[in-house]
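The next block holds one structure in the form of C-alpha cells; read it before the comments.
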Amino acid sequence: MKAVLAVVCVAGIAYVLRRPLLMAAPQCLSGRWHGCYDTENGVLLMMLLGLPVAGLVVWALATARRRRTGGAGTAWRLSLAEVGMVYGTVPFVWITMMPGPGAGVVPGRVSLVPLRDLATMGPLGIAGNLLIFAALGFFAPMRFALVASVPRVLALGAGCSVLVEVAQYVLQLDRVSSVDDVLVNAAGAALAGLASRRWWRSGEGIEHRAEQVAG
C-alpha cells in the first residue's frame, strides 16, 4: 500500500510538472548536456527517468545484504535508505550549484538577515528549498542511529545547507548565499525526518543486529 501511494505521489508530481519537464526532453533524450543537465527542468526530468535504475540499485544492495544477514526486512530498509538519501539529494544540490549568468564575474553576495529573503522566494522557491535536503532528513535517521533525533536531523540539514551556501559564495556562482536558505533547507530536512520517525527505532535495532551478524 505504501509503495502504491509513493508511486501515485510521484506520478502526480510528474503530471503537474509535465509541461516544463517536456521542454527539456528533446535535449535530454538526445544526450545533450546543454539544455538538459544545466537546467532545472532537465535535471528533474532525468531524476524521474532514473527512478527504475535507482530501484535496481536498491534491489541489488538488498539482495547482497540479505545473503550476509539473512533478514529480508533489514536488507530492504537499509538499502532503500542508502539509495534514497543519495538519489533524492544529489539532483537538488546540483540544481542549487548551477551558475548564474554572471558566474565568475559578479562577486559573491551574502544575506545574513533572517526572514528577509522569504518574501522574494515565493511559494515555488520555498517548496524547492524545503525539498533540497528532505530525502536526507527522511532516510538518514533510518540508516544511521547517530542522527535519529529531530534536533540532529535539523542540525544535519542546516550543516549541509551551510556547506552549499559557502560553496556558492566561494565559487562565485552568481547566487545569493542566504541565511533564509539555510533555515528553510533545515526545516525541510526536519519535517521529512518527522515523517519517517516511526521507522527510526526499528531501523536502529536492525542496523545493530546486522552489525552483530556481520561481526
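The values are calculated or read from the model by the stated rules, or taken from the named source; none is laboratory data. These numbers were taken from a predicted model, which means no experiment stands behind them. Cβ placement follows ideal geometry from the backbone for every residue including glycine, while neighbour counts extend to all protein chains displayed. The accessibility values were calculated without ligands, DNA or RNA, using every heavy atom of the protein model including side chains. Shrake-Rupley method; radii C 1.70, N 1.55, O 1.52, S 1.80 Å.
Every condition in (1) charged (D, E, K, R); (2) free of Cβ contacts under 8 Å to residues at least 24 places away in the same chain; (3) buried (at least 19 other Cβ atoms within 10 Å of the Cβ) is met by Arg32 except one, and the failing one is (3).
With Ala103, Ala81 as the choices, which residue is touching a residue at least 24 places away in the same chain (Cβ under 8 Å) and either outside any loop (DSSP other than H, G, I, E, B) or open to solvent by less than 20 Å² (accessible area, probe 1.4 Å) (or both)?
Details: Ala103 fails: either outside any loop (DSSP other than H, G, I, E, B) or open to solvent by less than 20 Å² (accessible area, probe 1.4 Å) (or both).
None of the other options fit; the residue is Ala81.
When we screen Gly108, Gly50, Gly55 for residues that are small (Gly, Ala, Ser) and in contact with a Phe, Trp or Tyr (Cβ under 7 Å, 6 or more places away or on another chain), the only hit is Gly108.
Against the list (1) surrounded by fewer than 20 Cβ atoms within 10 Å (Cβ to Cβ); (2) in contact with a helix residue (DSSP H, G or I) (Cβ under 8 Å, 6 or more places away or on another chain); (3) within 15 Å of Arg197 (Cβ to Cβ), the condition Ala158 fails is (3).
Taking every residue in the stretch 172-201 that is closer than 16 Å to Ala119 by Cα and among the polar types (S, T, N, Q) and pairing it with any residue that is open to solvent by 20 Å² or more (accessible area, probe 1.4 Å) and assigned to a loop (DSSP other than H, G, I, E, B), at least 6 positions away or on another chain, the pairs with Cβ-Cβ distances below 6 Å are Ser178/Asp117.
Checking each residue in the stretch 84-100 for being of a type in the set (Ser, Thr, Tyr) and part of a helix (DSSP H, G or I) picks out Tyr87, Thr96.
Pairing each residue of the stretch 132-154 that is surrounded by fewer than 24 Cβ atoms within 10 Å (Cβ to Cβ) with any residue that is not aliphatic (A, V, I, L, M) and not in a helix (DSSP H, G or I), provided the two are 6+ apart or on different chains, yields C-beta distances under 6 Å for Ala135/Gly88; Ala135/Thr89.
For (1) at pLDDT 90 or above; (2) open to solvent by 40 Å² or more (accessible area, probe 1.4 Å); (3) farther than 19 Å from Val164 by Cα; (4) in contact with a Lys or Arg (Cβ under 6 Å, 6 or more places away or on another chain), each residue gets a yes or a no:
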{"position": "Gln27", "(1), (2), (3), (4)": "yes, yes, yes, no"}
{"position": "Thr74", "(1), (2), (3), (4)": "no, no, yes, no"}
{"position": "Val113", "(1), (2), (3), (4)": "yes, yes, no, no"}
{"position": "Ala119", "(1), (2), (3), (4)": "no, yes, yes, no"}
